[in-house]
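Peer 1: Let me begin by handing over the structure; questions about it come next.
The values are calculated or read from the model by the stated rules, or taken from the named source; none is laboratory data. Note that the coordinates shown come from a computational prediction; the quantities given were computed from them, not determined experimentally. Ideal geometry is used to build each Cβ from the backbone, glycine not excepted, and the neighbour counts take in all protein chains shown.
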Amino acid sequence: MFKARLKGKFYDMADFSWLRGAGPAAQILTASDWTASPLGAPAQWSPMLRATLNQILLSPTPSLLVWGGARSMLYNDAFAACLGSAHPAALGAPLTTIAGWPGTDAESAGRLQSAVLASLAGAPQQAECLALLAPPQAATARWDLSCVPLWELDEPAQAQASGVLCTFLRASGVQTALLHTDLLSDLMEQSPSFKAVVRGPEHVFERVNSAYFKLFGDRPVIGQPARMALPELLDENLFMLLDRVYQTGQAYTERGARLFLRRGVDSHFDGAVLDFVFQPIKNAEGKVDGIFIEGNDVTERMLAEERLRIVDRAGEIGIFEWFPDSGRLSVSDRFRRLWGLPPEGEVTAAQLVGMIDEQFHPNLGTARIKEGGSRNPLEYTEYHITRPDGQQRWLARKGEVVQDDPRTGSRYVGVAFDVTARKLMEQALAASEASVRANNAFVRQLLDSTDQGFFSIDSAGIITLCNAAFLQLLGYAAEKDVLGRPIHDVILQPSEETQSRTGCAVLRAAREGVSAHVDSENFLRVDGTSFPVQYQTHPVWQDGQLQGALCTFVDLTERRRGLQALSWSENRLRAIFNQASVCFSELDLQGRYLRVNQALCRMLGRSEEEMLGMTLADVTHPDDVPMNMSLFNRCIEDGRSFTLEKRYLRPDGSTFWVSSDISRIVDGEGRPQAMIAVSTDITERRRAEEALRELNDTLEQRVVEEILERSRAEAALRQMQKMEAVGQLTGGVAHDFNNVLQIIGGNLQLLQSDPRLDERSRQRVRIAIGAVDRGAKLSSQLLAFARRQPLQPRSINLERVVQNMDDLLRRAVGENIDISTRVAHDLWNTMLDPNQVENLIINTAINARDAMPSGGRLTVQIDNVRLEDPVFLSQADLAPGEYVELQISDNGAGMSPEVRDRAFEPFFTTKLEGEGTGLGLSMAYGFVKQSKGHISIHSEQGKGTTIRIYFPRCLDEEVRIDEVRDLTVHGGDETILVVEDDPNLQLTVIDTLSSLGYRVLKADNGERALEILQSGVAIDLVFTDVVMPGSVPVTELAQQARLLVPDIEILFTSGYPRDTIVHEGRLDAGVELLSKPYRINQLAQRIRQMLSQRAHRVELAQVTRERDQAAASATIHVLPRTEREPVAQADPLVREAHGAGGASAAQPLPDYPRPEPQEDAGGLRLLVVEDNIDSQQLVCELLETLGHQARGVISGEEALQALEEQGFDVLFTDVNLPGMSGVELAKAALGRFPDLAVIFASGYGTMVARNVGFAAHALPKPYDIDQLQEILDKIAAG
């Protein structure tokens, strides 16, 4: 999976700066290139992966970490030692490669993979006795496995886990023995070594295996004493060894024993070399009653070892010959490499002994040969060496004598091989087993340290475990008197409550997996008496299987006696306390409340239960606690009562004054037992005294403060009046100025399109149009300051606004200024006009740029804040609550106090003439105030400036800001009525619209416009100024126009709309406004868009009427729309004429019967709800291309009306709609038509459909035709 070693390349170790381990596994990790692996570069590894990896690398327990979708494996040194030859190839490999691990069978590999997959799904797993990771020289090994799922920090708990931590512990000997019990017979029979069992002092053969007969012949031996069965061995002293093992109980092992055997009664003798062991077999009393004999015929091996010195083929085994008499050694090349010896030169026994650790010297051949006797001095042993090159290794050595003649001296031949890897693994396993033993001892210590009885049973009701408290409470002397016995023989007898043995709560937990809490039941003691207990029982599960139950219990005897006495005492005291009208309490000597009456509870605003869990210090003001407790302790010591005036605390943090009298209660011998406190509320008295004292002390100061406060209020009023006066002036000027600019700009644009104009004239026209644009911007800034600009606010997220204008902001401030953005997590939304917010940020950033001519840092910070300080709120004219704070800071030159005080005044600037208008901060001030916010400046010369702006939080969902597109100008042949009192401007508009192909009618005022509308002339759109002379205001004109021509479009224009169609700085619902001055293409685009929407609505209405007529003639009669739709459901301006208050005032649709759906070969019938006309038309055309029928509407209200008028199969809706949202629309539609399918198309992705609470489909924007077709196919299939 990755390169284990880099070749010709240095890996960036900084990627592993977080790694804590330093062992071999950690070194391989840091030396490996992970870039191409499924885990990716280490610098991108998640915090959870890093933390878990550090944890296992420092753990002595074999641990495996499986991570990611590829299930890549990472592990520690202890696990690597267990892998043997599979390491390091397994590092980073997928989990599926475990089948190739040494000693791993297919079943155990499958169980391990199943446990990991289940943990990835979120469920911890355990498995026992897995045959995995066999150490060298071993056939197999058994492990207990524990798997724990791991999630990333920001993932929900129900999500797929990111990884699994697997911990391996060696299975205990008992478990392994139990696992193999059924196999012992087969193993003995199939074993290649000879085995026999003899019983009694005569060593009578009880059982032998086939290998025994193969070695000793087929003579019958079962039932015969060993001396009779094998008489040929009488001279070999073997029977004396058997007798000694039987008598002493100590095993005897012999290696390389040379025997002469006769395999038949009449056969000849054959020589053989055997390795064997005599193992005593002990009965339950610990006495030897038999011997287990096991051995191997090593004759062939002895011959092979003789030949090894000439067949050394550079394998892993080094061969040597040793001549003890001379100390000379003859070794192979491999032997030299194992010991780190040079290829040439003499090798002596003393040289090798010097490299071996001293603790192993007694096992060396040089030491054992001096002991004499028949023991092989070169029998198998292992030792630790330090080679000449400094390396430390473990070697194993074994040899035999091949010549033992006194005339020539002894000669031994042996082998040596490296066992370092196995020894490291054994050390790791030993450490793991020691940890398990320590944990088991700790658990046992915990059980025996509690005074609660504890026991466990299996599913058959047999007791398997108990603690010391259990034995003591039930009167048993030892565990052996209890373990293995049924629960009903030891603890419980069937009673009237349990009815039968199967009704016992503990047995139900063990057999049915049901936990229980029993408040009272009698347990039996060993002497037959019983005692009441309270117990809890819980089932015990392992690998999903019910194994039994555990139970904990307490003796209720003393508790019941105490409860009786306590009940009598409490009744007496309660009667005394509750009859007292004053605040009365009893406390212990540490100040804890023992008794309180209701009067005290009422005074402190706490319940009796709360008070009994508190102390005197808990309810006392912290400043009064030291004095109170000092007097309290003095009273305990000398008995002198005291009275103290102090403050108490209520739960809400408020304080009040009390006078508390405390005295001591003593027993018959004068020893203090408790304290009695009587308290009286003296708050009013203290308040009156304090008020009188403060009145006398602060009278002069309050007079001065009142004068200063009045001065500040008068200054603020003058400033407000000045700003309001300037605002009214600039607003009026802006209106007339915009009209002038509109006339100039419109004629210049018409002149620019004249083909007879030469290039020089065109250049002059372009310059003039640019001046008009600058004038329009200046007018807009004046309106912003005056708070007269018509805002189009929506619920936006300032983080997204700042992100979208990042490039614009960087171009505005230049490359020598660094921009830093800091945004709070989960930033709140706020109701603002996004375009004005961008202008505010740009203007403020430009001011900061000008304050840092040599470069600097601009910081934009956005936070969620809660404003509660009454002083600040009063100064800022804000209501307490939640706000979004926007801070724009620079480290530039800063402002002087004089400049700071005038910064928001219009036309005030410190820049040179021609470099600024002085309206940037004025516009920002007006926009913020118009948006119900607050703006302030904090600046210090030489240190920089910070602009702080607070906008109220909006709880509505965010409305995404669409990109503004410069559409191609299109005209038409519809009829437009232009209502404008300025003749020059009127002429410009008429020329513009006429040049686009429209038929144009004109009116100088509202009265004339109304006459034209009443004449019956077909008019498609009215384009009217907001400020008009005459008796017919523009709002009345719009209402009458919609009554006369219901489908007419109305477009307002104004340079200063005042309060006619703008309220609280926002356009009225349903109003279309084109602000002056505007370009020709802006006018053309807006009119074309509105007329296209109107045409689409008219077309859909016609189709609907035709379908309704067809449905009425075929099935039922459906009322015409004009009869079923009240006037209040029409346009907002019409609703206003009839007394409705806006969209929220619309009445519910009448519950008319829905037309029966008609069979149609044209596919599905879809209602498309999308307020963007272009997007709506595109979706409808796409659906019709796919063979379906589609109808489009722009709001949820229109959609509900359409559903009543016509049958549909599918509701296809956007989530963010004007008025009711797409989700609210879907809920209302499903309430009326449950069979309707719903598709949400949203930029929020598929999360919408998962969270609405009903069945729905989701298309994440943008989507392609294949995604749409797939969902439609699912709906059609039903």
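Peer 1: Might you let me know whether region 384-394 holds any residue that is under 27 Å from GLY256 (Cβ atoms) and of a type in the set (S, T, N, Q)?
Peer 2: Within region 384-394 (the criterion being under 27 Å from GLY256 (Cβ atoms) and of a type in the set (S, T, N, Q)), the answer is no, since none of the residues qualifies.
Peer 1: Just give me the residues in region 754-772 being surrounded by 13 or more Cβ atoms within 10 Å (Cβ to Cβ) and closer than 18 Å to THR992 by Cβ, in sequence order.
Peer 2: LEU757, VAL765, ALA768, ILE769, VAL772
Peer 1: So in region 518-534, with the set limited to residues that are free of Cβ contacts under 8 Å to residues at least 24 places away in the same chain and touching a strand residue (DSSP E or B) at 6+ places or on another chain (Cβ under 7 Å), which one is nearest to ALA123 (Cα to Cα)?
Peer 2: Out of the qualifying residues, it is VAL518.
Peer 1: Of the residues in region 239-269, how many are surrounded by 13 or more Cβ atoms within 10 Å (Cβ to Cβ) and at pLDDT below 85?
Peer 2: Counting residues in region 239-269 that are surrounded by 13 or more Cβ atoms within 10 Å (Cβ to Cβ) and at pLDDT below 85 gives 8.
Peer 1: Give region 932-961 a look and list any residue that's modelled with pLDDT of 85 or more and either assigned to a loop (DSSP other than H, G, I, E, B) or over 46 Å from the mean Cα position of the chain (by Cα) (or both), or say none.
Peer 2: LYS932, GLY933, GLN941, GLY942, LYS943, LEU955, ASP956, GLU957, GLU958
Peer 1: Another question, if that's okay. With the structure loaded, tell me whether ILE28 is in a helix (DSSP H, G or I), out of contact with any strand residue (DSSP E or B) (no Cβ under 9 Å at 6 or more places or on another chain) and modelled with pLDDT of 85 or more or whether it fails that test.
Peer 2: Answer is yes for this residue.
Peer 1: Does region 616-623 include one or more residues that are within 16 Å of VAL678 (Cα to Cα), without any contact (Cβ under 8 Å) to a residue 40 or more places away in the chain and not in a helix (DSSP H, G or I)?
Peer 2: Looking through region 616-623, at least one residue is within 16 Å of VAL678 (Cα to Cα), without any contact (Cβ under 8 Å) to a residue 40 or more places away in the chain and not in a helix (DSSP H, G or I).
Peer 1: A further question follows. Sort out which residues of region 1018-1059 are charged (D, E, K, R) and modelled with pLDDT under 90, and write them in order of number.
Peer 2: Across region 1018-1059, the qualifying residues are ASP1025, GLU1036, ARG1042, ASP1047, ARG1058, ASP1059.
Peer 1: Kindly provide the set of residues from region 624-654 that are of a type in the set (Val, Ile, Thr), outside any strand (DSSP E or B) and without any contact (Cβ under 8 Å) to a residue 40 or more places away in the chain, ordered by number. Don't jump to the end; show me each part of the working.
Peer 2: Our first condition is that a residue be of a type in the set (Val, Ile, Thr); within region 624-654, this holds for 625, 636, 643.
Applying the additional criterion that residues be outside any strand (DSSP E or B) yields 625, 636.
Within region 624-654, VAL625 is the sole residue that qualifies.
Peer 1: Inside region 849-880, can you point out the residues that are more than 25 Å from GLU799 (Cβ to Cβ) and in contact (Cβ under 8 Å) with a residue 12 or more places away in the chain?
Peer 2: Those that are more than 25 Å from GLU799 (Cβ to Cβ) and in contact (Cβ under 8 Å) with a residue 12 or more places away in the chain: ASP850, ALA851, SER854, GLY855, ASP877.
Peer 1: Do we find that ILE1012 is aliphatic (A, V, I, L, M), surrounded by 16 or more Cβ atoms within 10 Å (Cβ to Cβ) and assigned by TED's automatic domain parsing to the domain that holds THR844 in this structure? First the steps, then the outcome.
Peer 2: Working: aliphatic (A, V, I, L, M): yes; surrounded by 16 or more Cβ atoms within 10 Å (Cβ to Cβ): yes; assigned by TED's automatic domain parsing to the domain that holds THR844: no.
No: the conditions fail for ILE1012.
Peer 1: A further question on this structure: Looking at ALA1226, is it among the small types (Gly, Ala, Ser), at pLDDT 85 or above and surrounded by 17 or more Cβ atoms within 10 Å (Cβ to Cβ)?
Peer 2: So ALA1226 fits the description; yes.
Peer 1: Being surrounded by fewer than 17 Cβ atoms within 10 Å (Cβ to Cβ) and under 43 Å from the mean Cα position of the chain (by Cα) is true for just one of THR620, THR655. Which residue is that? Before you say what the answer is, go through the steps one by one.
Peer 2: On the way: THR620 fails: surrounded by fewer than 17 Cβ atoms within 10 Å (Cβ to Cβ).
Criteria check complete, one pass: THR655.
Peer 1: Another question about this same structure. Could you list, in sequence order, the residues of region 199-221 that are of a type in the set (A, V, I, L, M, F, W, C) and either farther than 27 Å from LYS287 by Cα or assigned to a strand (DSSP E or B) (or both)?
Peer 2: Of region 199-221, the ones of a type in the set (A, V, I, L, M, F, W, C) are 204-205, 208, 211, 213, 215-216, 221.
VAL204, PHE205, VAL208, ALA211, PHE213, LEU215, PHE216 - these are the residues of region 199-221 that are of a type in the set (A, V, I, L, M, F, W, C) and either farther than 27 Å from LYS287 by Cα or assigned to a strand (DSSP E or B) (or both).
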